[in-house]
Amino acid sequence: MGFNIAIDGPSGAGKSTIAKLVAKENGFIYVDTGAMYRAIALYFLDHGLEISDAKDVIGHLPEIKVGIDYENGMQQVLLGEEVVTDRLRAEAVGNIASHIAGIPEVREHLLAIQKDLAKTQNVVMDGRDIGTQILPDADVKIFLTASVDTRARRRFLELQEKGISCNLEEVKQDIADRDERDTKREVAPLKQAEDAILVDSSEMTIPEVVETISKYVKG
Ligand code: DC
């Protein structure tokens, strides 16, 4: 069993930025589980498939092969034979991911790959249910959050930097809707594990958050 750090929290809390840096600082691999849900979402988007009926979604799962690879320490996500990492951050993909992630069979489809990675290596794994469901015995559990306003502002700036035109109010609404779906769903909802450390990054810089978490890793 590797040393496992679980980082859960809502959309836009900075989990992937922080998890990547914590992984680098401690020589661990970073496992982005959201990217796996996004890869399944991309399959539905690319094939023009409906996701409104869970039965249809479940029916397609056997043909969807999500794989993880590491290139110079960076996680690459494969959909079948194709590396799709660069296509996963689109808003449309995130929205579909948030919908299909509520289907138990979709979560089951990704369970083994997530658990196996943590079994064999030292990992920083981020997601929504890592500390509660995937790695309940993780050595360090962090619940990383920030206010909706802060998260919306960060996301808005990130999109603007990428040249994607957007409206702050719409971004905020989108984050609030995603929070609602991720926390209210019946299966593996987003919630803080009882033994997780709460880190609210609203008023913290990135290095401050990394330092706070790394302290728990070093003991
Ligand atoms: O972290 P992210 O935005 O890349 O995740 C995309 C969606 O996938 C998000 O709306 C919730 C879902 N997700 C999940 O349900 N469980 C995880 N462990 C990771 C992501």
*Spin-label point model (7 Å from Cα, Cβ direction): what's the A54 to E211 distance in nm?*
4.6
_Over all directions, how big on average is the projection of the convex hull of the alpha-carbon atoms in the chain, in square nanometres?_
11.7
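With all distinct Cα pairs included, what does the Kirkwood hydrodynamic radius of the stretch 1-67 come out to in Å, to one decimal, could you say?
14.2
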_Taking R0 as 25 Å, what FRET efficiency do you get between S202 and S16 from their Cβ-Cβ distance, rounded to the nearest 0.05?_
0.90
*Unit charges on C-beta of K, R, D, E only; dipole of the stretch 104-204, Debye*: 160
_Scattering profile of the stretch 42-154 at q = 0.14, 0.16, 0.19 Å⁻¹ [log10 I(q)/I(0), Debye over alpha-carbon scatterers]_ = -0.72, -0.94, -1.28
*asked:* Given the DSSP H assignment, sum -39500 (n - 2.57) over each helix run of at least 4 residues in the chain and divide by its residue total; what's the result at 222 nm in deg cm²/dmol, nearest 500?
replied: -15000 deg cm²/dmol
*Post the alpha-carbon centroid distance, the stretch 63-105 to the stretch 6-61, in whole angstrom.*
6
*asked:* Using +1 at the C-beta of Lys and Arg and -1 at the C-beta of Asp and Glu, which of I18, S165, V57 has the Cα lying farthest in the positive direction of the dipole of the chain?
replied: I18
*For the chain, with only Lys/Arg (+1) and Asp/Glu (-1) charged at the beta-carbon, what is the dipole magnitude about the Cα centre, in debye rounded to 20?*
360
_Translational diffusion coefficient (Stokes-Einstein; Kirkwood radius from C-alpha pairs) of the stretch 95-165 at 20 °C, 1.002 mPa s, in µm²/s_ = 146
*Compute the length gained on full extension between V83 and D149: take 0.36 nm times their separation in residues and subtract their Cα-Cα distance, giving the result in nm to one decimal.*
20.4 nm
_Cβ-Cβ FRET estimate between I113 and Q160, R0 fixed at 30 Å, reported to 0.05_ = 0.35
*Please sort 207-213, 54-60, 3-9 by packing, taking for each peptide the average over its residues of neighbouring beta carbons within 10 angstrom, highest first.*
3-9, 207-213, 54-60
_Relative compactness, the stretch 160-207, computed as alpha-carbon Rg over 2.2 N^0.38 Å_ = 1.54
*Work out how much length E186 to E25 would gain on full extension: take 0.36 nm times their residue separation and subtract the Cα-Cα distance, in nm to one decimal.*
54.4 nm
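Please figure out what share of the DSSP beta bridges in the chain is antiparallel and state it in percent, rounded to the nearest 5.
30
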*Quick one: go through the stretch 1-28 and flag any residue whose amide nitrogen is under 19 Å from the point 7 Å out along the Cα-to-Cβ line of K218.*
3-6, 18-28
*Counting other C-beta atoms within 10 Å, which of M1, M125 has the fewest, and how do the rest follow?*
M1, M125
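Values quoted throughout were computed directly from the atomic coordinates according to the rules given, and no laboratory measurement underlies them. Fair warning: this is a prediction, and the values are worked out from it, not measured in the lab. For neighbour counting, all protein chains shown are included, and Cβ atoms are generated from backbone atoms with ideal geometry for every residue, glycine included.
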